[in-house]
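Novice: I am attaching a structure below and will ask some questions about it afterwards.
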Amino acid sequence: MNDVLPASAVSDLLNRECFCITLDHDALCREVERVAGDREICASVAKERPNLFSNAPVFLSEAVTHGMTRIVRAIESVAELPAYQQASLAWAPPIASKHFGPRGAFMGYDFHVSSDGPKLIEVNTNAGGAFLNALLAKAQRACCREVEVGLMRSHVDELEPAVLRMFEQEWISQRGKGRPRRIAIVDDEPEAQYLYPEFLLARQLFLRHSIDAVIADASALTYVNGQLCLGERTIDLVYNRVVDFSLDRPEHAALRSAYMDGAVVVTPNPHVHALLADKRNLALLSDRERLRSWGVPAPIVQDLSGVPRTVLVTSDNAEQLWTTRKNWFFKPASGYGSKAVYRGAKVTKGVWAQIVQSGYVAQEFAAPSERIVRLGGSDEPRKMDVRLYVYDGQVLLMAARLYQGQTTNFRTPGGGFAPVFIV
């Protein structure tokens, strides 16, 4: 088949018709429990997160994955330019001007795959799921050895040492040498978070490599005598999963103060979010004329054509955007997790009035591709997006998410995280 059809056509065909690789739930469960050190975690996932993992993998061509990688590297290249930093920090909160060196652990670049190549949908600084997806990729069951050998070319075995190096480098970038003695994986009410199982996986990874690790509620942290603490334990590095990106909320006061004083290494942090994940920056990255005026080389400008045109919603352009709303997707500039986002074709006048007054961006609609999944003997389509987990421009892992509706939701039967196999 691969001698007759181009790789893109092969991947499309496999996404429509291949059901010969499926998730081995028992194998995944055993591996998650072993790595997390928690024998009850699978029961919790099955009961409370039944649509966390899809049974079906996603197939992509090498050309598409290489295109995604080029877009990522182009973005991170432009983010180094003084002109870009000045523009992006101009609309960021003051805390974002603090830069201690870290580049941001687990940057997430989310894509839709269109007929003319990958389209970047957004960038996230606290991209979840990497630890879970590494185990998911290992738990796939092929119908025959030929399929297993031909398609399951995964680098998941390389993820653990790469993750360890990433956190060590984040430490060195601020402290100059050595490694952290204790890492806190911090979120608001971490045990209530949908991706709490991967907090357990992250903690065990650090412990296996002789770094003490704790999972902490941000509100439980204290900052006394120049030290960030959890109870009596001093915290050296915070793996930051809170979505208060500028650390403004009262419950984050200790973390904010320690960060501002450089008393703790925080990754990802407000500076990284302001440079890369604020959705207003997509307006800069998709403006070819502006990029050229900054002296961005033509090949990088061309790679950034994979960023759909994005504009800030203002009172000046509101009427035009409303008239052409079917062509746009509307997102809050500081939003996360697909909250309060709207497909233009479904926006009502009442919602539109809120959008105009609430700091939104409009992004040209890039339709997601589909993966056919088999449910109860019937074949059903699911939309898909692809996430690249990245550190310092290098892709650590690639995974897909299958869903129905406007955005990824982890509530769709047959949906959830899915491994990516490259054709």
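The values are calculated or read from the model by the stated rules, or taken from the named source; none is laboratory data. What you are looking at is a predicted structure, and each value in this text was computed from that prediction instead of being measured. Please note: Cβ atoms are built from the backbone with ideal geometry, for glycine as well, and neighbour counts cover all protein chains shown. Areas reflect the complete protein model, heavy atoms only, side chains present, ligands, DNA and RNA absent. Shrake-Rupley method; radii C 1.70, N 1.55, O 1.52, S 1.80 Å.
Novice: Restricting attention to segment 334-391, which residues are closer than 28 Å to ARG73 by Cα and touching a Leu at 6+ places or on another chain (Cβ under 6 Å)?
Specialist: Of everything in segment 334-391, those that are closer than 28 Å to ARG73 by Cα and touching a Leu at 6+ places or on another chain (Cβ under 6 Å) turn out to be VAL361, ALA362, ARG371, MET384, TYR389.
Novice: OK, next. Name every residue in segment 361-393 that is in contact with a Lys or Arg (Cβ under 9 Å, 6 or more places away or on another chain), outside any loop (DSSP other than H, G, I, E, B) and open to solvent by 40 Å² or more (accessible area, probe 1.4 Å), in order of residue number.
Specialist: Result: GLU364, GLU370, ASP379, GLU380, PRO381, LYS383.
Novice: Working only within segment 394-413, note down all residues that are assigned to a loop (DSSP other than H, G, I, E, B) and in contact with a Lys or Arg (Cβ under 6 Å, 6 or more places away or on another chain).
Specialist: Selection gives GLN406, THR408.
Novice: Taking into account only those residues within segment 165-191 that are more than 14 Å from LEU205 (Cα to Cα) and touching a Pro at 6+ places or on another chain (Cβ under 8 Å), which is surrounded by the most Cβ atoms within 10 Å (Cβ to Cβ)?
Specialist: Applying the filter and picking the extreme gives GLU170.
Novice: Only one of SER61, SER54 is surrounded by 13 or more Cβ atoms within 10 Å (Cβ to Cβ) and in contact with a Leu (Cβ under 7 Å, 6 or more places away or on another chain). Can you tell me which?
Specialist: Being surrounded by 13 or more Cβ atoms within 10 Å (Cβ to Cβ) and in contact with a Leu (Cβ under 7 Å, 6 or more places away or on another chain) holds for just one of SER61, SER54, which is SER54.
Novice: Which of the numbered conditions does VAL313 fail, given that it passes all the others? Conditions: (1) surrounded by fewer than 13 Cβ atoms within 10 Å (Cβ to Cβ); (2) at negative phi.
Specialist: (1)
Novice: Oh, and also: Applying the selection to segment 29-46, what residues are assigned to a helix (DSSP H, G or I), touching a residue at least 60 places away in the same chain (Cβ under 8 Å) and either over 13 Å from ALA202 (Cα atoms) or not hydrophobic (A, V, I, L, M, F, W, C) (or both)?
Specialist: If the condition is that a residue be assigned to a helix (DSSP H, G or I), touching a residue at least 60 places away in the same chain (Cβ under 8 Å) and either over 13 Å from ALA202 (Cα atoms) or not hydrophobic (A, V, I, L, M, F, W, C) (or both), then GLU31, ILE41, SER44, VAL45 are the ones that fit.
Novice: Having 2 or more residues that are surrounded by fewer than 22 Cβ atoms within 10 Å (Cβ to Cβ) is the bar; report the strands (runs of 3 or more DSSP E) wholly within segment 220-298 that clear it.
Specialist: Where strands (runs of 3 or more DSSP E) fall fully within segment 220-298 and carry at least 2 residues being surrounded by fewer than 22 Cβ atoms within 10 Å (Cβ to Cβ), they are 221-224, 227-230.
Novice: Does ALA353 satisfy the condition of being modelled with pLDDT under 95, out of contact with any helix residue (DSSP H, G or I) (no Cβ under 9 Å at 6 or more places or on another chain), assigned to a helix (DSSP H, G or I) and over 30 Å from ILE183 (Cα atoms)?
Specialist: Here the answer is yes, as ALA353 does meet what is asked.
Novice: Which of (1) open to solvent by 50 Å² or more (accessible area, probe 1.4 Å); (2) of a type in the set (A, V, I, L, M, F, W, C); (3) modelled with pLDDT of 95 or more is the odd one out, the single condition ALA213 does not satisfy?
Specialist: That leaves (1) as the condition not met.
Novice: Could you check segment 14-51 and list, in sequence order, the residues that are basic (Lys, Arg) and either within 14 Å of LEU136 (Cα to Cα) or buried (at least 18 other Cβ atoms within 10 Å of the Cβ) (or both)?
Specialist: ARG30, ARG34
Novice: It is to be established whether one or more residues within segment 153-161 are touching a strand residue (DSSP E or B) at 6+ places or on another chain (Cβ under 8 Å), open to solvent by less than 50 Å² (accessible area, probe 1.4 Å) and at pLDDT below 95.
Specialist: yes
Novice: On the given criteria, is HIS66 without any contact (Cβ under 8 Å) to a residue 12 or more places away in the chain and either surrounded by fewer than 18 Cβ atoms within 10 Å (Cβ to Cβ) or part of a helix (DSSP H, G or I) (or both)?
Specialist: When the stated conditions are applied, HIS66 passes them.
Novice: Only residues that are assigned to a loop (DSSP other than H, G, I, E, B) and either closer than 17 Å to THR310 by Cβ or of a type in the set (D, E, K, R) (or both): list them for segment 339-350, please.
Specialist: LYS339, ALA340, VAL341, VAL347, listed by residue number.
Novice: Quickly run through segment 69-125 and pick out the residues that are open to solvent by less than 30 Å² (accessible area, probe 1.4 Å), in a loop (DSSP other than H, G, I, E, B) and of a type in the set (S, T, N, Q).
Specialist: Across segment 69-125, the qualifying residue is only THR125.
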